[in-house]
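Down below is the structure, laid out as structure tokens.
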Amino acid sequence: MKSVRRLLLALAIGLLIVPAASRADDAPDPYSGLASQSFEDIAQAITTLAASGNPQAAPTIAALQNETLFVTPDQALLIKTDDGYTNARTGEKVADVVEDDLANVRVNNAVRRAIEAASGALDLVSPDPATRLRAAAQVFTSRDPTSLPLLGAALAKETNAQVRTALLQAQAAAQLASNAGSEADQLSAVATLLARGDIEAKSLLGSLHDNPQAVLAKATAAIASIERMERLWSLAQGLFYGLSLGSVLLLAAAGLAITFGVMGVINMAHGEMVMLGAYTTYVVQSAIAAAAPGLMGFSLMFAVPAAFLVSGLIGVLIERTLIRFLYGRPLETLLATWGLSLVLQQAVRTIFGSSNRDVTTPGWMSGSDAVMGLTITYNRLYIIAFAVVVIGLLMAVLRYTALGLRMRAVTQNRRMASAMGIRTPWIDALTFGLGSGVAGMAGVALSQIDNVSPNLGQSYIIDSFMVVVFGGVGNLWGTVVSALTLGIVNKFLEPFAGAVLGKIVVLVALILFIQRKPRGMFPLKGRAVEQ
Amino acid sequence: MNRLSTTICVILVLGLASLMAILNLATDAGSALHVPTYAVSLVGKYLCYAILALALDLVWGYAGILSLGHAAFFALGGYAMGMYLMRQIGTRGVYGNAILPDFMVFLNYKDLPWYWHGFDNPAFALLMAVLVPGLLALVFGWLAFRSRVSGVYLSIITQALTYALLLAFFRNDMGFGGNNGMTDFKDMFGLPLQADATRAGLLVASAVMLCACLLVARFVVTSRFGKVLIAVRDTEARTRFLGYRPESYKLFVFVLSAIMAGIGGVLYVPQVGIINPGEFAPAGSIEAVIWVAVGGRGTLVGAILGAVLVNAGKTYLTGAFPELWLFALGFLFILVTLLLPKGVLGLLQRARS
Amino acid sequence: MSTVRSWLRGAGIAATALAAFLGSAGLGASQAQAQGTIKVGILHSLSGTMAISETTLKDVMLMLIEEQNKKGGLLGKKLEAVVVDPASNWPLFAEKAKELINVDHVAAVFGCWTSVSRKSVLPVFKETDNILFYPVQYEGEESERNVFYTGAAPNQQAIPAVDYLMANDKVKRWVLAGTDYVYPRTTNKILEAYLKSKGVAAEDIMINYTPFGHSDWQNIVAEIKKFGSAGKKTAVVSTINGDANVPFYKELGNQGIKATDIPVVAFSVGEEELAGIDTKPLVGHLAAWNYFESVKSPVNTAFIKTWHDFTKKPNRTTNDPMEAAYIGFNMWIKAVQKAGTVDQDKVIDALVGVAVPNLTGGLSTMMPNHHITKPVLIGEVKADGQFNVVWSTPGTVVANEWSPYLEGSKDLIADWRAPMSCGNFNVKTGKCGGAN
């Protein structure tokens, strides 16, 4: 209801400024336009309707946006509400609606642009600064010249500095795009856009051609200056991409750094532990959606421990039933775990089906923000943070807990540890469970950026092994450095060499590196190495 | 006694292959004794896999080098053969271009890339089929063994090697047909590939090559050289202290094995009718290791047995239990490693004694 | 180590090897054709990377066969499905095709998804003179006597989509992004030639290829954004395949590329692929197909209902390749009834000219080039993962199996009716057999 009131207010202003458009008798009836089959007519009708001052305009456009505006066979427009249908033109309730005869008012990108422009312009005077900010951004992209008077009115009483800047930018965009205002106005508009300095500003400046010569010249100079900044920032941007890829590799490899690095088990089913973590996320989200939809935003908080437990328990189970018979025969564990990975994949395929599962990304993880010249996507940012937390916890467990102490003791000298009274089989099972559990947590993160399908694990297994071997087996810090190095190198190679060639170059470099330093970047020293 | 199993294996492989070939050609389709051409190519394919398994057993069973990228050598041999077969198509391709293979025509190639020259000559193509895998193994092995990369590390970088090759051959710009690879071959050495006689001939040729590889491998491992090799496998450091150079021994056997794998690939391509980057997939190499493990590592004959058994099982299961066969295969690998550390051959051995 | 024992051991080996050989050889001789049924082969991957797409087609074929049997079967006999799993392994496709034809004696095979699997089985079908129905949109440049292509050729999908964007969104700048394999390569070649013929400058076309399963799209999406900021309306034409789409669309959503700014039109993304993505940030991005689940027609409503009943999953989506499988199956039924036999030679001849209803409410006809006529629809992604049809061709479109926009194929035509009976007839030289 608040938005309706806001809309009415805006319409009142619109009415004062554009009186000509409000005369319903000489303009075509917008409602018949909405019922049309032609997208052009519909888009035109929206613009006319928004400017018409009709009190029913706001609910009609809102319904169109929510896909609840329908056309009946005799061209009447109905809005679907919680308790039936209302006539869009009059707002009166309508009884006896045959649902099968209704068709949605047709929407495509052009219509969507018209809706955004209309609602964007109307939201400019909202009392809520966040809404005003969003509206200003919408006008900036729509560049709709009809919103110029509204922008002027909004600017006149705007007090919030941030919104003011956004409004000025929107005004500049609309002015330049429609070649409106004096040359001096336009020149200052170019300056405003230059100050904004991002890719959208560049895009707008690049699209100018009918404006006065001086404006065009200044726009060209502004583009060049924006591009200079872009080149500077691209280095930092590449670094962010690299860090983000590195953190994904690190998460995927962290569990393996325990099972393979610390225990020496060549676990080819590691990827499947990651996959199980991703599927756990799916199951947890489905359960939350069914039981407590309000908690959906926090679903990942539940998924992380659940994935750790599921993968971890399965890991313990695998260790007890399979791996423990194969200690001392590392290459044979490779074969057995490969068989296991086939079984796990097929099991998941049988249970969940072979198509992708939809894992929802919570609102706080979607979208991106421009920080100076950088584009930071939230999901990547959170995954980097998650990787830091996971590795930190893992190191803390190994270093400061009794379990960690025993794990290190067992891997360094099994017999001595056993003689000291440590139950080595139990420690083995827990270590393997820990590694698998960490892999499961990685699965939660990967479910946010990749497919949740039975093949998820397969695509990370080779990379994970590379990361661990490159970093130096048995060295968690080595794994961290190695994952980040590989991520960054890959991302800096990609623009020059292309995605495929870049990866080949990295692999060949890796092979050559291992030839030079057979035990990775940070080899373990001491007698244990010889085993 | 090892000699005996080798003899039996040779007799069986040669005998059965020729028998199948004869039954396929000499009897009518209606006859109870008739072996369909489909089965001839299928067994031919198993024998090619057996050559790969044999090659792998030579390095893994006797030198302790677990290569997780051996299918790469197999595929390189296959590609050399595929390039020859592609050139043989000539004007019978869909675009009728006498020089350029079809995939080059629709990707707008103007000329044949330089590395395609010479492949219209069968002798050159066959030479390349052993030379390219051999050279790759030589360079890779020289670098790896000299720096004493061993064990798991070696396995991982061989996997990286085949993965890098997979990505490289996958690129359309490489000029090897990208993901589609090469197919629709017409004839080799002037013989039509679809003819029953050619198929039967290929089966016999595969059997002969398999036996030749087996005999060569057996000669190598039973010679003095082979004894040192086994010493290297069991305790490399001690052998080095005794004055041997383990890296030379390993390198020789690695190159020999790569060449054998390449030969397997040469015979494989005309029988299955396609070569594409999928052959480089790391999973393929791991599967080959499993054939050896199933048959019995370090026995040579076991590798052949394992390759045939697992592949025949796969053929049967993918047809009979299409939804469940991966469970069967997965459990087979788990059970074999847990219960049969010496493979099927070891089981037979135990049953005898 | 007595001689006897080693002999015995040798005999054991021999017996095992023999069993293995005979086991495989025996496959050929055994399993005679069951009495009173007509066997139909289904050759779709149920494991491996392609299982994600192909399993659905296996299910839809089983449903169609069950429905046909409810209607009394074919020629008075019941149909029997023979399902095998080629496991996304291309040589295995050829092996399984041989098995279906030689061992199970199927009357026709419905199968394959990727081009490479079709190329792999092609020699088998030619050699055994059997029939393959191929239900997926593909790059064209092929017409074979034994293959019937019920998916779209590039002119039934790609070119109308580009036309739509040019007309409705006034797009002037194009990104052609694809997975590096033959379908995107060929489609992009055709589109590039087509766009240039429409006056698009070379610097306004950006082409990008990525490997299968590419999962890190950060800089490519950023590059698209940058390319789109040159002041001209920009669109992305995506031929990105399967697995790589989910991370691609997630990255698009996160970097805030909205359909109203830079629309992405995809040729390999349908309802099934969208099922794995949260589509709210993607509303308005487009796909071009010959069928959408949201199409309103009585025959589609009935089809969806049968599908939900058969799978017992009321939410399971339908998609374009399923419609192609549906059309192909019905065409085969009709041709067999017309020929009065399942004999492949007669059915191949009978198939040309057969017309069956498609799910959009019209008729699709098998043309002499072994491709079918289809309507082309453009859909925009909706928030619920379905498509909203925003444009469609007034009638059906005939497939150009040989693209007029490619140098090598512009003079070729295919016509499998006598007397021409040729898949690559050159109209310039008047001869069958390619460009030269």
Which of (1) open to solvent by less than 40 Å² (accessible area, probe 1.4 Å); (2) over 30 Å from B:Arg297 (Cβ atoms) does A:Pro305 not meet, given it meets every other one? (1)
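Here is a check on your reading of the model: is B:Leu347 touching a Leu at 6+ places or on another chain (Cβ under 8 Å) and away from chain A (no Cβ under 14 Å)? Working first, answer last.
Values: touching a Leu at 6+ places or on another chain (Cβ under 8 Å): yes; away from chain A (no Cβ under 14 Å): yes.
In short, yes.
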Among the residues of the range C:215-233, is any within 11 Å of chain A (Cβ to nearest Cβ) and more than 21 Å from C:Trp174 (Cα to Cα)? yes
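Report those helices (runs of 4 or more DSSP H) wholly inside the range B:170-281 carrying at least 2 residues which are touching a residue at least 24 places away in the same chain (Cβ under 8 Å).
Numbers: elements: B:196-222, B:224-234, B:236-241, B:246-272.
Filter on the range B:170-281 gives B:196-222, B:224-234, B:246-272.
How many residues does the range B:93-110 hold that are assigned to a helix (DSSP H, G or I), over 29 Å from the mean Cα position of the chain (by Cα) and not aromatic (Phe, Trp, Tyr)? So that I can check it myself, show each step before the final result.
In the first step, residues of the range B:93-110 are kept if they are assigned to a helix (DSSP H, G or I); the result is B:102-106.
With over 29 Å from the mean Cα position of the chain (by Cα) added as a condition, the list becomes B:105-106.
Cutting the leftovers down to not aromatic (Phe, Trp, Tyr) gives us B:105.
Residues in the range B:93-110 being assigned to a helix (DSSP H, G or I), over 29 Å from the mean Cα position of the chain (by Cα) and not aromatic (Phe, Trp, Tyr): 1 in total.
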Per-region count, the range C:184-196, residues closer than 24 Å to C:Ala259 by Cβ and open to solvent by 10 Å² or more (accessible area, probe 1.4 Å): 2
Please pick out the residue among B:Ile51, B:Ile22, B:Ile11 that is open to solvent by 10 Å² or more (accessible area, probe 1.4 Å) and under 26 Å from C:Val124 (Cβ atoms). B:Ile22
Name the residue that is modelled with the lowest pLDDT, counting only residues in the range C:43-57 that are open to solvent by 10 Å² or more (accessible area, probe 1.4 Å) and not in a loop (DSSP other than H, G, I, E, B). C:Ile52
If I filter the range C:81-101 for residues that are at pLDDT 90 or above, crowded, with 24+ Cβ neighbours inside 10 Å, more than 14 Å from every other protein chain (Cβ to nearest Cβ) and assigned to a loop (DSSP other than H, G, I, E, B), do I get at least one hit? no
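Give A:Leu456, A:Leu394 a once-over and let me know the one that is open to solvent by less than 10 Å² (accessible area, probe 1.4 Å), more than 16 Å from A:Phe308 (Cβ to Cβ), modelled with pLDDT of 85 or more and in contact with a Leu (Cβ under 8 Å, 6 or more places away or on another chain). If you could, list the steps in order and put the result at the bottom.
On the way: A:Leu394 fails: more than 16 Å from A:Phe308 (Cβ to Cβ).
One residue alone meets the criteria, A:Leu456.
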Where A:Leu340 falls short, out of the listed (1) assigned to a helix (DSSP H, G or I); (2) surrounded by 21 or more Cβ atoms within 10 Å (Cβ to Cβ); (3) more than 7 Å from every other protein chain (Cβ to nearest Cβ): (3)
Can you find even one residue in the range A:168-181 that is at pLDDT below 80 and crowded, with 16+ Cβ neighbours inside 10 Å? yes
Here the qualifying pairs (Cβ atoms under 9 Å; residues six or more apart or on different chains; first in the range B:1-29 and of a type in the set (Val, Ile, Thr); second open to solvent by 40 Å² or more (accessible area, probe 1.4 Å)) come out as B:Thr6/B:Leu215; B:Thr6/B:Arg218; B:Ile8/C:Ala11; B:Val10/B:Leu215; B:Val13/B:Val208; B:Thr27/B:Leu33
Output the qualifying pairs, or none if there are none: Cβ atoms under 7 angstrom, residues six or more apart or on different chains, first residue in the range B:114-141 and free of Cβ contacts under 8 Å to residues at least 12 places away in the same chain, second residue in a helix (DSSP H, G or I). B:Gly118/B:Phe124
In the range B:76-121, anything at pLDDT below 85 and hydroxyl-bearing (Ser, Thr, Tyr) is listed as B:Thr91, B:Tyr95, B:Tyr109
Tell me whether the range B:24-42 contains one or more residues that are under 22 Å from B:Thr222 (Cα atoms), within 11 Å of chain C (Cβ to nearest Cβ), among the hydroxyl-bearing types (Ser, Thr, Tyr) and in a helix (DSSP H, G or I). no
What number of residues within the range C:243-276 satisfy the criterion of being within 22 Å of the chain's Cα centre (by Cα), within 7 Å of chain A (Cβ to nearest Cβ) and open to solvent by 10 Å² or more (accessible area, probe 1.4 Å)? 3
Hey, C:Lys172 hits all of (1) in contact (Cβ under 8 Å) with a residue 12 or more places away in the chain; (2) open to solvent by less than 10 Å² (accessible area, probe 1.4 Å) but one; which does it fall short on? (2)
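Can you pull out the helices (runs of 4 or more DSSP H) entirely within the range C:209-298 that have at least 2 residues that are in contact (Cβ under 8 Å) with a residue 60 or more places away in the chain?
On the way: elements: C:218-227, C:245-254, C:271-274.
It comes to C:271-274.
What do you reckon, is A:Gln162 in contact with a Leu (Cβ under 8 Å, 6 or more places away or on another chain) and of a type in the set (S, T, N, Q)?
Details: in contact with a Leu (Cβ under 8 Å, 6 or more places away or on another chain): yes; of a type in the set (S, T, N, Q): yes.
Answer is yes for this residue.
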What residue, among those in the range C:405-436 that are in contact with a Lys or Arg (Cβ under 8 Å, 6 or more places away or on another chain) and more than 13 Å from every other protein chain (Cβ to nearest Cβ), is surrounded by the most Cβ atoms within 10 Å (Cβ to Cβ)? C:Trp416
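Yes/no per residue for (1) among the hydroxyl-bearing types (Ser, Thr, Tyr); (2) open to solvent by 30 Å² or more (accessible area, probe 1.4 Å); (3) in contact with a Pro (Cβ under 9 Å, 6 or more places away or on another chain):
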| residue | (1), (2), (3) |
| --- | --- |
| B:Ala168 | no, no, yes |
| B:Thr183 | yes, no, yes |
| B:Val216 | no, yes, no |
| B:Val220 | no, no, no |
| B:Leu242 | no, yes, no |
Test: A:Ala409 is of a type in the set (A, V, I, L, M) and under 31 Å from the mean Cα position of the chain (by Cα): no
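Would it be correct to say that C:Ser120 is within 8 Å of chain B (Cβ to nearest Cβ), surrounded by 24 or more Cβ atoms within 10 Å (Cβ to Cβ) and in a helix (DSSP H, G or I)? Talk me through it step by step, then tell me what you get.
Values: within 8 Å of chain B (Cβ to nearest Cβ): yes; surrounded by 24 or more Cβ atoms within 10 Å (Cβ to Cβ): yes; in a helix (DSSP H, G or I): yes.
Yes; evaluated as a whole, the condition is true for this residue.
Each row is one residue, and each column tells you yes or no for (1) open to solvent by 50 Å² or more (accessible area, probe 1.4 Å); (2) within 14 Å of chain C (Cβ to nearest Cβ).
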residue: B:Arg92; (1), (2): yes, yes
residue: B:Leu131; (1), (2): yes, no
residue: B:Phe145; (1), (2): no, no
residue: B:Val149; (1), (2): no, no
residue: B:Thr162; (1), (2): no, no
Over the range C:42-61, the set of residues out of contact with any strand residue (DSSP E or B) (no Cβ under 7 Å at 6 or more places or on another chain) and without any contact (Cβ under 8 Å) to a residue 60 or more places away in the chain is C:Leu46, C:Ser47, C:Gly48, C:Ala51, C:Glu54, C:Thr55
Residue check, A:Ala174 against (1) within 30 Å of C:Thr301 (Cβ to Cβ); (2) of a type outside the set (Ser, Thr, Tyr); (3) over 28 Å from the mean Cα position of the chain (by Cα), all met but one. Which one? (1)
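On the basis of being touching a strand residue (DSSP E or B) at 6+ places or on another chain (Cβ under 7 Å) and either part of a strand (DSSP E or B) or over 17 Å from C:Thr341 (Cα atoms) (or both), does C:Leu64 make the cut?
On the way: touching a strand residue (DSSP E or B) at 6+ places or on another chain (Cβ under 7 Å): no; either part of a strand (DSSP E or B) or over 17 Å from C:Thr341 (Cα atoms) (or both): yes.
Judged against the criteria, C:Leu64 is not a match.
The values are calculated or read from the model by the stated rules, or taken from the named source; none is laboratory data. Computed from a predicted structure; not experimentally measured. So basically every Cβ, Gly included, is an ideal-geometry build from the backbone, and we count neighbours across all protein chains shown. What goes into the accessible areas is simple: the full protein's heavy atoms, side chains included, and nothing from ligands, DNA or RNA. Shrake-Rupley method; radii C 1.70, N 1.55, O 1.52, S 1.80 Å.
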